[in-house]
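In what follows, a structure is listed as structure tokens, so that the remarks can point back to it.
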There are 2 protein chains.
Amino acid sequence: MSDSDGDLPVDYRDVVRAAMRLDGVAHRTPIMTSSTLDAMTGAQLFFKCENFQRIGAFKFRGAYNALSRLACGGRASGAIAYSSGNHAQAIALAARLTGLTATIVMPEDAPSVKLAATRGYGAEVVTYDPETTVREELAADLAVERDLHLIPPFDHPDIIAGQGTVARELLQDAGPLDLLLVPCGGGGLLSGCALAARSLSPGCRIVGVEPELGDDATRSFHSGTLCTVQNPATIADGARTSALGKLTYPLVTSLVDDMVTVSDAALVRTMRWVTERMKIVVEPTAVLGAAAVLEGTVDAAGLRVGVVLSGGNVDLQQFATWFDQ
Amino acid sequence: MSDSDGDLPVDYRDVVRAAMRLDGVAHRTPIMTSSTLDAMTGAQLFFKCENFQRIGAFKFRGAYNALSRLACGGRASGAIAYSSGNHAQAIALAARLTGLTATIVMPEDAPSVKLAATRGYGAEVVTYDPETTVREELAADLAVERDLHLIPPFDHPDIIAGQGTVARELLQDAGPLDLLLVPCGGGGLLSGCALAARSLSPGCRIVGVEPELGDDATRSFHSGTLCTVQNPATIADGARTSALGKLTYPLVTSLVDDMVTVSDAALVRTMRWVTERMKIVVEPTAVLGAAAVLEGTVDAAGLRVGVVLSGGNVDLQQFATWFDQ
């Protein structure tokens with residue numbers, strides 16, 4: 001772990017600038033506590049509730065940070081992104097707020113509610129046949145053809161800096177922490193949060209949490225080689241990313257203290273605790289960090305622990321099946 | 001509607017005293033807003049989130065207010081209550097906090113999780129066979145035998161005054177309102193909230209909302225005669241009460257502007273909106289007021305509307321079945 005951010009592609013000052021752009025636009029989401037969950041773990045838990053963020057997930061922060069910079073710079077008339085998840089809606093809303101157009105490349109078999117939600121924010125949706133088309137190539141072609149700026153879901157300095165405002169607010173509102181648990185998919189949220197925590201709470205141990213079935217970042221972290229997974233069948237759909245990125249890999253390696261995994265069964269048990277005890281709706285990816293502490297994967301007894309709950313966009317039918325037994 | 005509270009068994013000063021007792025003990029629950037739901041209704045909606053209250057429902061307020069008065073007065077060594085719902089857990093927790101014993105009379109076929117939860121707060125649970133025993137009689141006998149104070153679920157001045165702190169906080173935090181929508185079962189929450197709203201926001205129209213299947217209070221209100229229902233099959237289990245009480249009937253009649261009903265199907269649709277858009281867990285009874293405004297039962301366009309979400313104690317299996325289609 002380096003002592004300095006000097007050689008990294010993003011640093012804490014970028015997070016501070018992102019926070020200024022997001023001020024009054026993104027929600028400053030609440031921190032929730034639960035005496036029951038504290039008693040279960042012997043820790044003092046501070047849950048940062050990004051399920052209450054605009055579009056229902058932290059992704060709005062990075063998207064808005066990136067697009068507001070793009071809009072100010074007059075560098076393009078619009079943004080393009082490929083995503084069937086929260087990044088699509090984040091880019092769509094951020095574009096509307098910054099006066100840009102948004103084009104979202106989505107598989108033609110994406111759930112109709114997701115297509116409708118993305119169009120509902122004013123984005124143009126371009127669908128493709130996932131059997132015959134590579135979405136990255138389609139998006140890159142469209143970007144050139146239409147003069148659009150491609151905004152990747154995590155491996156972009158503005159995205160990483162925007163996501164870092166999650167931990168910045170958590171530390172500002174909860175005070176110094178001993179341990180910070182952050183879900184990890186492509187590593188944008190984890191990298192940004194690590195940048196903020198290193199600066200604001202230097203003694204804080206930062207741990208990224210992945211699903212067992214999609215453990216590429218954990219293997220990369222421990223082996224020192226960039227590892228991949230292909231379409232892991234985890235219910236944590238926000239962490240099915242195949243690998244860390246060109247930016248997030250070095251950031252995670254240099255700033256994070258440890259990476260751990262939790263099982264899908266642990267995610268369901270944790271969603272149950274959070275739903276029944278905290279009365280909030282969270283998606284499976286959102287409880288990766290919470291599962292690590294509630295299941296004892298990470299020992300937190302006696303510690304002040306920040307837990308990022310990253311989003312709350314679940315399909316209610318799907319949600320029902322997890323608990324219908 | 002009378003201009004004065006002078007002839008009522010509880011008045012706003014009792015609500016203020018209850019607020020002082022609850023200060024630092026009950027949670028001052030947040031008020032949530034939703035731009036989506038505002039756009040749907042044309043109103044400005046302020047949701048008072050009692051699902052985040054201790055024990056997961058507003059019932060803690062009245063129970064603690066009653067038991068702290070009992071404890072201070074040295075009038076009894078313990079409290080007794082009959083309930084298989086939120087009142088049981090509210091009395092159990094309030095007793096523990098005030099140093100009293102709690103005895104809860106529950107049917108022997110009550111869900112084991114509810115029996116366990118009530119015992120978990122330190123209460124003694126006395127079970128009975130609902131085929132052969134009238135719970136009110138059993139509780140009254142035990143109260144005499146063991147020198148316990150019987151705390152009814154809603155028809156008690158201290159309970160009503162405690163529940164009134166919900167609307168008091170809502171009006172203090174949101175400012176004056178044009179309309180206040182409150183779920184109605186036995187009328188304790190509605191009566192207390194009406195007392196607070198009459199004093200703090202005199203122009204505010206106060207509307208109580210019941211399930212169609214359990215419409216006794218609505219019929220009582222409009223007919224001027226106390227009406228009853230027997231075990232209505234509504235999913236709003238907190239509003240299955242057979243009738244308003246000796247105290248709540250005159251309070252509702254004199255303080256409330258209107259009573260309306262909503263269907264169970266409307267409750268499910270509303271729970272879906274609240275769950276998907278606001279990312280919070282609410283029980284069917286909790287969304288009675290929200291359903292009245294979202295379904296257009298009450299016209300709220302252009303108004304500042306307070307909506308009491310009364311609790312979030314749902315069984316997840318049950319919750320799942322409502323959305324599993």
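Miscellaneous remarks
- Of B:T285, B:T275, B:T218, B:T241, all but one fail to be part of a helix (DSSP H, G or I), in the same structural domain as B:C49 (by TED's automatic domain parsing) and under 15 Å from the mean Cα position of the chain (by Cα); the exception is B:T285.
To keep it simple, each residue is scored yes or no on (1) in a loop (DSSP other than H, G, I, E, B); (2) surrounded by fewer than 16 Cβ atoms within 10 Å (Cβ to Cβ); (3) at positive phi; (4) among the acidic types (D, E).
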position	(1), (2), (3), (4)
B:C72	no, yes, no, no
B:V105	no, no, no, no
B:V125	no, no, no, no
B:T133	yes, yes, no, no
B:E136	no, yes, no, yes
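- Selection count where residues are loosely packed, with under 15 Cβ neighbours inside 10 Å and over 25 Å from B:A26 (Cβ atoms), scope region A:28-55: 1
- The residues of region B:246-274 that are of a type in the set (D, E) and in contact with a helix residue (DSSP H, G or I) (Cβ under 7 Å, 6 or more places away or on another chain) amount to a single one, B:D264.
- Against the numbered list (1) under 14 Å from the mean Cα position of the chain (by Cα); (2) at pLDDT 95 or above, A:N313 comes up short only at (2).
- Residue match in region B:217-240 (condition: surrounded by fewer than 24 Cβ atoms within 10 Å (Cβ to Cβ), within 14 Å of chain A (Cβ to nearest Cβ) and among the β-branched types (V, I, T)): no
- Screening region B:244-270 for residues that are assigned to a strand (DSSP E or B) and farther than 19 Å from B:G42 by Cβ and picking the one that is farthest from the other protein chains (Cβ to nearest Cβ) gives B:D258.
- Residues that are outside any helix (DSSP H, G or I) and of a type in the set (D, E, K, R), drawn from region B:151-164: B:D155
- Applying a threshold of 8 Å to beta carbon distances and a minimum spacing of six or more residues, or different chains, the list of pairs starting in region A:111-131 at a residue that is basic (K, R) and ending at one that is assigned to a strand (DSSP E or B) and crowded, with 18+ Cβ neighbours inside 10 Å reads A:K114/A:M106; A:R119/A:V125.
- Here A:G306 fits the description: touching a Leu at 6+ places or on another chain (Cβ under 6 Å) and not in a helix (DSSP H, G or I).
- Options A:V298, A:V293; residue that is more than 14 Å from every other protein chain (Cβ to nearest Cβ) and part of a helix (DSSP H, G or I): A:V293
- Search result, residues across region A:132-168 that are out of contact with any helix residue (DSSP H, G or I) (no Cβ under 8 Å at 6 or more places or on another chain) and touching a residue at least 12 places away in the same chain (Cβ under 8 Å): A:R135, A:E136, A:L138, A:A139, A:L142, A:A143, A:R146, A:D147
- Some residue of region A:72-88 being closer than 30 Å to A:G224 by Cβ and in the same structural domain as A:F221 (by TED's automatic domain parsing): no
- Of the residues A:A265, A:A286, the single one that is among the aliphatic types (A, V, I, L, M) and surrounded by 24 or more Cβ atoms within 10 Å (Cβ to Cβ) is A:A286.
- Scan of region A:5-38 for residues that are under 30 Å from B:G120 (Cβ atoms) and more than 11 Å from every other protein chain (Cβ to nearest Cβ), ordered by number: A:I31, A:L37, A:D38
- Single match in B:A140, B:A167 (criterion: among the aliphatic types (A, V, I, L, M), within 20 Å of B:G78 (Cβ to Cβ) and part of a helix (DSSP H, G or I)): B:A140
- Region B:79-126: number of residues that are among the aliphatic types (A, V, I, L, M), farther than 15 Å from B:R54 by Cα and at pLDDT 90 or above: 11
- The set of residues from region A:301-318 being without any contact (Cβ under 8 Å) to a residue 40 or more places away in the chain and either within 9 Å of another protein chain (Cβ to nearest Cβ) or of a type in the set (G, A, S) (or both) comprises A:V314, A:L316, A:Q317.
- Residue match in region B:271-281 (condition: of a type outside the set (F, W, Y) and away from every other protein chain (no Cβ under 14 Å)): no
- Long-range neighbours under 8 Å by Cβ, at least six apart or interchain, first residue without any contact (Cβ under 8 Å) to a residue 40 or more places away in the chain within region B:30-58, second assigned to a strand (DSSP E or B) and not small (G, A, S): B:P30/B:C49; B:T33/B:Q44; B:T33/B:L45; B:T33/B:F46; B:T33/B:F47; B:D38/B:Q44; B:D38/B:L45
- Entry remark, region B:7-37: residues being out of contact with any helix residue (DSSP H, G or I) (no Cβ under 8 Å at 6 or more places or on another chain), of a type in the set (G, A, S) and not in a loop (DSSP other than H, G, I, E, B) number 1 in total.
The values are calculated or read from the model by the stated rules, or taken from the named source; none is laboratory data. None of these values were measured; they are calculated from a predicted model. Glycine also receives a Cβ, built like all others from the backbone with ideal geometry; neighbour counts cover every protein chain displayed.
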